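Report on the following structure.
The values are calculated or read from the model by the stated rules, or taken from the named source; none is laboratory data. If you're wondering where the values come from, they're calculated on a predicted model, not measured in any experiment. Positions of Cβ are generated from backbone atoms using ideal geometry, with glycine treated the same way; all protein chains shown enter the neighbour counts. Remember, those area values only see protein heavy atoms, side chains included, never the ligands or the DNA or RNA. Shrake-Rupley method; radii C 1.70, N 1.55, O 1.52, S 1.80 Å.
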Amino acid sequence: MRVHTQPLQGHVWKYGDNIDTDVIIPARYLNMSTPEELAVHCMEDLDPHFAAEVQAGDVIIGGANFGCGSSREHAPLAIKGAGISCVIAESFARIFYRNAINIGLPILICPAAARDAQTGDRLTVNLEAGRIINARSGQTHTTSAFPPFLMAIIEAGGLISYTRSKLAAR
Amino acid sequence: MGRTLAEKLILEHIDASASTRLGLHPGDLVEVAVDIVLANDITAPIALREFEKLGIERVFDPQKVVLVADHFSPNKDIRSAEQCAVMRRFAREQRLPHHYDVGRMGIEHVLLPEQGLVLPGDLVVGADSHTCTYGALGAFATGMGSTDIAVAMATGQIWMRIPETLRLVYTGALKPFVGGKDLILHTIGKIGVSGALYQAIEFAGPVIDRLSMAGRFTMANMAIEAGAKAGLFAVDAATEAYVTAANRTARPYQALAPDPDAHYAKVLEIDVSQIPLQVAYPHLPENAKPVEDARGVRIDQAVIGSCTNGRLEDLNIAAQVLEGHKVSNDVRCIVIPGTQQVYLDALREGLIETFIEAGAVVSTPTCGPCLGGYMGILAAGERAISTTNRNFRGRMGHTDSEVYLSGPAVAAASAVTGYITSPEEVIT
Ligand code: SF4
């Protein structure tokens, strides 16, 4: 199954460096666990407009070390639940990066695209080619493709479906 | 070419021929076999939901799956009660001997080493970012998300990238009261919160050789606060004495050390003689400064505990400072022993009495206020000094509250005066 051959399109929500998992989803909501419930509180302490105004397909842009802090998968789940199609940052904290791939939330490391983008810009993202086009700036940015193993997880729709097919093939 | 400690530990857990191993290097993705898989009352419910989707009946080995109800437990509300109930049900169905519920539970990263569940040479994955704490034992331990943990619980295997290593060598003589917490805060201040992103840290040098196990756990615990995947210590006599202590299990273990000719991404030498007691300002652990710079910052709450500083040694230091003093009328001082055993030892040593006489409260083991769960939430505009590991915005309560991080001596001294204080000012 090829999940991401279609380019993703959406508007940018831009945030700074070291966006930690406590602001993505504060601990007071960790007594919930579904993407829908969590999405309502996503980014609440940093940007109260986000959850109310985010549109399906929108893109989050972060600076360095996006997703640092706790291992809570609630963070990428909240972002995915909010309808975000892709997160692009200068760099990611490693657990957040794994979690996003594992739950099938597309995620790209691309410092140039992250610096270029501003809140409200419209982006077109081609995951397979690692290409990001910014309609406002007219810039096209490319980033290195995923290693084949990670691409296989992404294409399967996440680690669970990937592992299921692997177990079935045994 | 020699191997770093991280490389050795990971290669020990790969099912491959000696020649294949020889060809593996930092940056390569490998499948590793895990010795312990851990989840808690926040991360287990999602992990168990994903586990079900895998269509597998049983966990790969009930002895190797550890579940701890520590974050919102004893349950703070109905939703958290439901989460613990999900975990409890799973533990019963799967007959998991290592499910730690109220009465037996403690903060996971204090509890697992204490119970002898993690030993040198192990490879541990946990759905909690501070799983890296066990690096103090010479185990490769790292935090992952719930989905990874579900797969590890089902298959006993998980993918991982072999990390490069940053070696930190500590030399010199420690100043009075300066401990593991000050060393790690200073280090994070130096290299930054992403200073070791995707790398393993190897802590070494004569200062580390003399450091207590509690101090090592504290340092390994905060490796993640520099973005590291693991924070590792070579096994020495202190480690061996710890793991063979009376109440821990006697599973065989493997003591590994890095090769002298290992290749490091970077080696940094840190002279501790110049490091004063540290305080990390809000809202990042890298904002570390000498305690003197923070002197006078008024506080409303002092928290002494957590997986960073909730061990007997930490409580001993706090009690030493509080002995014969009173907590300021303007401060709520909350002391949280890391486990039931720590609590009992502290009780027997008279520390609990010292805390209560000083006007502190002592809680059952729980993560509680560390992550803004309960048992000490801050209101808007309030400020805490805390021996925990994170001071992100809103971490301990209202988004307009502040957390300053320190070791137990500074937290206890500040509780007495009502403002950030060096212990030397209180103990005269
Ligand atoms: S004490 Fe704090 S940092 Fe440690 S496991 Fe609990 S919530 Fe996490």
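Here are a few things to note about the model shown:
- Counting heavy atoms of the protein chains alone, B:Leu22 has an accessible area of about 130 Å² for a 1.4 Å probe.
- Gyration tensor (alpha-carbon) shape descriptor, segment B:371-418, a/c threshold 1.5: prolate
- Cα-only radius of gyration and Dmax that characterise segment B:56-114, units Å: 11.7, 32
- Interface residues in segment B:389-421 - accessible area drops by 40 Å² or more relative to the isolated chain, probe 1.4 Å: B:Phe392, B:Arg393, B:Thr399
- Point-charge dipole on Cβ atoms (K/R +1, D/E -1) for the protein assembly as shown, about Cα centre, debye to 20: 1000 debye
- One decimal place: the segment B:Glu292-B:Asp28 gains 90.5 nm when fully extended, by the rule 0.36 nm per residue minus the C-alpha distance.
- Buried surface for the A/B pair, taken as the accessible area of each chain alone minus that of the pair with a 1.4 Å probe, is close to 3800 Å² in total.
- Segment B:155-214 shape via C-alpha gyration tensor axes, a/c threshold 1.5: prolate
- Chain lengthening between A:Glu128 and A:Ala145 when straightened (0.36 nm per residue, less Cα-Cα): 5.4 nm
- Accessible-area composition of segment B:282-385, carbon plus sulfur, in percent [1.4 Å probe]: 48 percent
- Listed residue (B:Thr142, B:Gly106, A:Ala82) projecting farthest to the positive dipole end of the protein assembly as shown, Cβ model: A:Ala82
- Pairs beyond 29 Å (Cα-Cα), from A:Lys14/B:Lys53; A:Lys80/B:Lys266; A:Lys14/B:Lys8; A:Lys80/B:Lys229; A:Lys80/B:Lys53: A:Lys14/B:Lys53; A:Lys80/B:Lys266; A:Lys14/B:Lys8
- In terms of the mean number of neighbouring beta-carbon atoms within 10 Å, the peptides A:44-57, B:24-37 order highest first as B:24-37, A:44-57.
- Once the chain from B:Arg104 to B:Arg348 is taken as fully extended at 0.36 nm per residue, the excess over their C-alpha distance is 86.0 nm.
- Once the Cβ-Cβ distance of B:Ala379 and B:Arg79 is raised to the sixth power relative to R0 = 22 Å, the FRET efficiency obtained is 0.50.
- With a simple spin-label model that places each label point 7 Å from the Cα along the Cα-to-Cβ direction, the separation between B:Asp259 and B:Arg210 comes to 3.2 nm.
- For segment B:144-193 versus segment B:306-385, the spacing of their alpha-carbon centroids is 25 Å.
- Calculated on alpha-carbon atoms, Rg and Dmax of the protein assembly as shown in Å: 23.0, 71
- Per-q log10 I(q)/I(0), segment A:7-48, q = 0.19 Å⁻¹ (Debye; single scatterer per alpha-carbon; no solvent): -0.65
- Listed residues B:Leu232, B:Met219, B:Gly179: farthest to the positive end of the dipole of segment B:163-233 (Cβ charges): B:Gly179
- Cα-based helix-to-principal-axis angle, B:408-417 vs chain B, degrees rounded to 10: 20 degrees
- Dipole magnitude of segment B:5-270 about its Cα centre (Cβ charges: Lys, Arg +1; Asp, Glu -1), debye to nearest 20: 460 debye
- Percent of Cα pairs exceeding the 22 Å cut-off, where the set is segment B:260-393: 44 percent
- Comparing B:Ala409, A:Thr124, B:Thr364 along the charge dipole axis of the protein assembly as shown, the residue lying farthest to the positive side is A:Thr124, per the Cβ-charge model.
- Cα-projected label distance for B:Ala245 with B:His398, points at 7 Å along beta-carbon direction, nm: 4.0 nm
- The heavy atoms of A:Phe149 present about 60 square angstrom of accessible area, all protein chains included, probe 1.4 Å.
- In the frame of its principal axes, segment B:180-272 has Cα extents of 39, 29, 24 Å, reported largest first.
- Per residue, the protein assembly as shown exposes 35 Å² of solvent-accessible protein surface, assessed with a 1.4 angstrom probe and all protein chains in place.
- Computed E for A:Gln6/A:Arg115 - FRET, C-beta separation, R0 22 angstrom, nearest 0.05: 0.25
- Fraction of accessible area attributable to carbon and sulfur, segment B:38-129 (%, probe 1.4 Å): 47 percent
- For segment A:80-131, the Rg and Dmax computed from alpha carbons only, in angstrom: 11.1, 28
- Averaging Cα coordinates gives a centre for segment A:125-156 and one for segment A:42-94; these two points are 18 Å apart.
- Over chain B, Cα pairs under 8 Å with separation of 6+ residues give a relative contact order of 17 percent.
- Bins of 10 Å from zero: percent of alpha-carbon pairs in chain B: 5, 23, 33, 26, 11, 2, 0
- Buried on assembly, segment A:54-86 (at least 10 Å² less accessible surface than by itself, 1.4 Å probe): A:Asn65, A:Cys68, A:Gly69, A:Ser70, A:Ser71, A:Arg72, A:Glu73, A:His74, A:Leu77
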